[in-house]
Amino acid sequence: MSTLVIAEHDNNGLKVSTLNAVAAAQVMGGEIDILVAGANCGAVATAAAAVPGIGKVLVADNVVYEHQLAENVSLLIAEVAAGYDNILAPATANCKNFLPRVAALLDVAQISDITSVESADTFQRPIYAGNVIATVQSTDAKKVITVRTTAFDGAPAEGGSAVIESLDVVHDAGISSFIGEEVVVSERPELTAASVVISGGRGMQNGENFKLLDGIADKLGAAIGASRAAVDAGFVPNDMQVGQTGKIVAPDLYVAVGISGAIQHLAGMKDSKVIVAINKDEDAPIFQVADYGLVADLFDALPELEAQL
Amino acid sequence: MKVLVAVKRVVDYNVKVRAKADGTDVDLNNVKMSINPFCEIAVEEAVRLKEAGTATEVIAVSVGDKSCQEQIRTALALGADRGIQVETESKVEPLVVAKLLKAVVDKEQPQLVILGKQSIDGDNNQTGQMLGALANMGQGTFASEVAVEGDKVNVIREIDGGLQTVSLKLPAIVTTDLRLNEPRYASLPNIMKAKKKQLDVYTPADLDVAVTSHITQKKVEAPAERKAGITVKDVEELVDKLKNEAKIIS
Ligand SMILES: Cc1cc2nc3c(=O)[nH]c(=O)nc-3n(C[C@H](O)[C@H](O)[C@H](O)COP(=O)(O)OP(=O)(O)OC[C@H]3O[C@@H](n4cnc5c(N)ncnc54)[C@H](O)[C@@H]3O)c2cc1C
């Protein structure tokens, strides 16, 4: 059996989510190669080659892949896929964008967001906002799969020495172009990879009050997240949304502040190891999943918490 | 410009779905069904394009058994002009839905196809992208802003780090994210009017598409339960528990 893992990267570095996908591939067994599609992405290839247990790193380094436009990258992956039984990618916004296109080009299903590998063709995945776990079996000869990164501990990043092979395959579908990007730069750890996450909800009242979370996040080395309500209200940017339709996180510690605990929010954080909820409404559903619940006004509790850490 | 919008009938987002005791499937007996929230956003966007004079006709299409006509009527009440139902069993895999939609696209030749980014039942997030591949159209997925300009559409997309803008040649695919718009409520007169709007029904055979299955659901079960937590009386106790009981901070 052979598996191709699609690297998640920004042309400069390999994202750790790739290592989670490699870990899932290792559970499936067999040989594993990594595909890096980008432009001036040599550093990514080098990083991918250092992952232990990888056979080859295939690099398609061309300006048409610079922004990993789905229309172009999917043609590349579908072509390279010919030599593999499984195509795996982490379930990031980027891979979720292009991988279903690959599946359709190959005329096979995609299995989205797997949380466990039961056997070579059987997987578990959450459905209905994680209220139900489905065990599904694929009858396709070639399997196209996205991996829920929080469900697989990342493979080690160092120690390997895979062969790097450059691919001279250029696909420009000519139907889409990249115009620009507004990427939020933050000193904090990435939300999906942080070991502590502190999130604010509608109860924070405005964007300014999110500063109350900053000092605590600094002390805990935490990433800051939010509920949909806080994003919709414009308190914070969209990339901070945790939930069924936002980011999935499973840190060692998740602190929910002024968040009621709607099922769509729980879907994104209920696999966290320890959950703390701070809410002034003792009946808020968030308390049902919290290990430690504090019924309090957040405007009193947050400054106290910062002082006591 | 014609706009095609795909709508799906799903369990209402307020329902907490459970697995049946025998684990064969989820229990959807007597639960409220609605239009998938992301599809509702798709319909709203299409109707706004029509109101702005950009779109000339909005067609709502749904794949499913007869009951999905209810969701097509909802789309018609929100302002779509006519409907198409592709009659299948209620459960069809995304790849097949994409193939059926491709056949409808071939028939109707829309310049823009708007779909929800995911449906809240299967949480697959696939159909729009698959349709893009099959129809060889560009895709603006997870859209928070859509602007048609001449023979192109510019789409602002929600990505992991923030926002990205792409420009797509028409015809193109858009899949909606939550911030694209806030759907309106259908007024009673519009609900009445929707009942009289044209709704055509096709079978997969009419569209020359084979309904195949690539995935078998072996079982469904409840996720692992979290063990009950405790209420702490104040911040001091919280910090103490985190340090000395959970040992999660130092
Ligand atoms: C299709 C769809 C997808 C969705 N996807 C997501 C998603 O990915 N992520 C997500 O989060 N939501 C999502 N939602 C929205 C979800 O249903 C809820 O509406 C949302 O999570 C509510 O956010 P909230 O808890 O911040 O706000 P609310 O439910 O309004 O809760 C605010 C909480 O703050 C508390 N509070 C207020 N003031 C204070 C104070 N001074 N001190 C302490 N506590 C206070 C209140 O008691 C209340 O419990 C989705 C909804 C739909 C329909």
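Does A:Ala307 qualify as being surrounded by fewer than 22 Cβ atoms within 10 Å (Cβ to Cβ), within 7 Å of the ligand (Cβ to nearest atom) and facing another protein chain (nearest Cβ under 9 Å)? Criteria not met by A:Ala307. Here B:Ile159 meets the list (1) within 16 Å of the ligand (Cβ to nearest atom); (2) in contact with a helix residue (DSSP H, G or I) (Cβ under 6 Å, 6 or more places away or on another chain); (3) over 30 Å from A:Ala223 (Cα atoms) almost entirely, failing just condition (3). Entry remark, region A:82-115: residues being assigned to a helix (DSSP H, G or I) and within 13 Å of chain B (Cβ to nearest Cβ) number 14 in total. Out of all the residues in region B:162-186, which are in contact (Cβ under 8 Å) with a residue 12 or more places away in the chain, of a type in the set (S, T, N, Q) and away from the ligand (no atom under 16 Å from the Cβ)? Of everything in region B:162-186, just one residue is in contact (Cβ under 8 Å) with a residue 12 or more places away in the chain, of a type in the set (S, T, N, Q) and away from the ligand (no atom under 16 Å from the Cβ), namely B:Ser167.
Residues considered: B:Ala75, B:Ala55, B:Ala80, B:Ala46. Of these, the only one that is touching a strand residue (DSSP E or B) at 6+ places or on another chain (Cβ under 7 Å), under 18 Å from B:Ile120 (Cα atoms), more than 14 Å from chain A (Cβ to nearest Cβ) and away from the ligand (no atom under 16 Å from the Cβ) is B:Ala75. Could you tell me whether B:Glu225 is surrounded by 11 or more Cβ atoms within 10 Å (Cβ to Cβ), more than 7 Å from chain A (Cβ to nearest Cβ) and either charged (D, E, K, R) or without any contact (Cβ under 8 Å) to a residue 40 or more places away in the chain (or both)? The answer is no for B:Glu225. Starting from residues that are open to solvent by 40 Å² or more (accessible area, probe 1.4 Å) and over 15 Å from B:Gly128 (Cα atoms), keep the ones in region B:157-182 and report whichever is modelled with the lowest pLDDT. Here the answer is B:Asp160.
Restricted to region A:264-294, and to residues that are within 7 Å of the ligand (Cβ to nearest atom) and touching a Phe, Trp or Tyr at 6+ places or on another chain (Cβ under 8 Å), which residue is farthest from the other protein chains (Cβ to nearest Cβ)? Among them, the one singled out is A:Asn279. Scoring A:Asn206 on the criteria (1) open to solvent by 10 Å² or more (accessible area, probe 1.4 Å); (2) in contact (Cβ under 8 Å) with a residue 60 or more places away in the chain; (3) more than 24 Å from B:Ile159 (Cβ to Cβ) leaves a single failure, condition (2). The set of residues in region A:191-234 that are of a type in the set (A, V, I, L, M, F, W, C), within 10 Å of the ligand (Cβ to nearest atom) and within 13 Å of another protein chain (Cβ to nearest Cβ) comprises A:Ala226, A:Ala229, A:Ala230, A:Val231, A:Ala233. Name the residue that is most open to solvent (accessible area, probe 1.4 Å), counting only residues in region A:211-241 that are part of a helix (DSSP H, G or I) and under 23 Å from B:Glu182 (Cα atoms). Residue satisfying both the conditions and the ranking: A:Arg228.
Of the residues B:Leu95, B:Leu100, the single one that is within 8 Å of chain A (Cβ to nearest Cβ), open to solvent by less than 10 Å² (accessible area, probe 1.4 Å) and in contact (Cβ under 8 Å) with a residue 60 or more places away in the chain is B:Leu95.
Within region A:1-14, the residues that satisfy the criterion of being buried (at least 23 other Cβ atoms within 10 Å of the Cβ) and in a loop (DSSP other than H, G, I, E, B) are A:Ala7, A:Glu8. If I ask for residues that are touching a helix residue (DSSP H, G or I) at 6+ places or on another chain (Cβ under 8 Å), in a strand (DSSP E or B) and within 11 Å of another protein chain (Cβ to nearest Cβ), which ones from region B:105-156 would you list? Residues satisfying the conditions are B:Gly116, B:Gly138, B:Gln139, B:Thr141, B:Phe142, B:Ser144. In region A:242-263, of all residues being near the ligand (Cβ under 6 Å from one of its atoms) and within 12 Å of chain B (Cβ to nearest Cβ), the one that is least open to solvent (accessible area, probe 1.4 Å) corresponds to A:Gly243.
Within region A:163-183, which residues are open to solvent by less than 70 Å² (accessible area, probe 1.4 Å) and under 29 Å from A:Ala47 (Cβ atoms)? Matches in region A:163-183: A:Leu167, A:Val169, A:His171, A:Ala173, A:Ser176, A:Ser177, A:Phe178, A:Gly180.
The values are calculated or read from the model by the stated rules, or taken from the named source; none is laboratory data. Remember, it's a predicted structure, so these values are computed and weren't measured experimentally. Positions of Cβ are generated from backbone atoms using ideal geometry, with glycine treated the same way; all protein chains shown enter the neighbour counts. To get the accessible areas, we keep the full protein, side chains included, count just its heavy atoms, and leave off ligands, DNA and RNA. Shrake-Rupley method; radii C 1.70, N 1.55, O 1.52, S 1.80 Å.
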